[in-house]
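Enquirer: Here it is: the structure, laid out below.
The values are calculated or read from the model by the stated rules, or taken from the named source; none is laboratory data. Note that the structure is predicted; figures quoted are calculated from it, not measured. All Cβ positions, even for glycine, are placed from backbone atoms using ideal geometry, and neighbour counts span all protein chains on display.
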Amino acid sequence: MKAWPACARSCYGHLAGVLGVDLCRCLVENGWVQGDAHQYALTTAGAKRVGELGITLNEAPRQLYGCVDWSERRDHFAGPLAVALLDNFIERGWLRRSDDSRVLALTAGGATSLKSWLAQD
């Protein structure tokens with residue numbers, strides 16, 4: 001996992017930038033998400049991990065799909081679950097919104113907590 005610089009932003013309500021791309025990569029590499037840019041799906045292990053955050057999955061057929069990051073030129077997640085993840089990270093104080101832009105600040109506690117949450121069992 002990369003050391004995350006202050007390179008996160010929102011993109012239509014979901015996490016983008018270096019952090020968003022890295023989150024996408026980590027969830028796929030950990031085996032919690034599988035698929036491709038058209039449609040990703042949570043695995044059983046991924047649903048368990050998301051559940052640890054208190055996120056309840058809805059019945060939308062397309063929970064996650066790829067959104068190409070304009071600065072990184074790689075996918076970050078979009079879709080209802082991606083929006084729920086960003087909202088959850090903000091509610092937990094892991095990320096903070098900027099008042100006048102889409103920039104998101106990763107808090108020190110957020111970096112620690114996010115790395116812990118993304119760690120393999």
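Enquirer: Need the failing condition index for ALA47 against (1) without any contact (Cβ under 8 Å) to a residue 40 or more places away in the chain; (2) exposed (fewer than 13 other Cβ atoms within 10 Å of the Cβ); (3) of a type in the set (Gly, Ala, Ser), just the number.
Expert: It fails just one condition, (2).
Results for (1) part of a helix (DSSP H, G or I); (2) in contact with a Gly (Cβ under 9 Å, 6 or more places away or on another chain); (3) among the polar types (S, T, N, Q), shown as yes or no for each residue.
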| residue | (1), (2), (3) |
| --- | --- |
| VAL28 | yes, yes, no |
| TYR40 | no, yes, no |
| ALA47 | yes, no, no |
| VAL50 | yes, no, no |
| GLY54 | no, no, no |
| ALA60 | no, yes, no |
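Enquirer: Output the residue which, of all residues in the range 94-108 that are touching a Lys or Arg at 6+ places or on another chain (Cβ under 9 Å) and of a type outside the set (A, V, I, L, M), is surrounded by the fewest Cβ atoms within 10 Å (Cβ to Cβ).
Expert: Once the filter is applied, the top-ranked residue is SER101.
A quick yes/no check of all residues on (1) surrounded by 13 or more Cβ atoms within 10 Å (Cβ to Cβ); (2) modelled with pLDDT under 90; (3) β-branched (Val, Ile, Thr):
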site: VAL28; (1), (2), (3): yes, no, yes
site: VAL33; (1), (2), (3): yes, no, yes
site: GLU52; (1), (2), (3): no, no, no
site: GLU59; (1), (2), (3): no, yes, no
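Enquirer: Would you mind finding the one in VAL21, VAL103, VAL68, VAL33 that is of a type in the set (Val, Ile, Thr) and under 11 Å from the mean Cα position of the chain (by Cα)?
Expert: Exactly one residue qualifies, and that residue is VAL21.
Enquirer: Follow-up. Tell me the residue from ASP22, ASP69 that is acidic (Asp, Glu), more than 14 Å from ALA84 (Cβ to Cβ) and touching a helix residue (DSSP H, G or I) at 6+ places or on another chain (Cβ under 6 Å), please.
Expert: ASP69
Enquirer: Follow-up. Which residue is farthest from ARG9 (Cα to Cα), if the candidates are limited to the range 63-100 and must be touching a Ser or Thr at 6+ places or on another chain (Cβ under 8 Å) and among the hydrophobic types (A, V, I, L, M, F, W, C)?
Expert: The initial filter retains those residues of the range 63-100 that are touching a Ser or Thr at 6+ places or on another chain (Cβ under 8 Å), namely 86, 92-97.
Add one more test, that the residue is among the hydrophobic types (A, V, I, L, M, F, W, C), and what stays is 86, 94-95.
On the way: LEU86: 10, TRP94: 13, LEU95: 10 Å.
Looking at residues that are touching a Ser or Thr at 6+ places or on another chain (Cβ under 8 Å) and among the hydrophobic types (A, V, I, L, M, F, W, C), I get TRP94.
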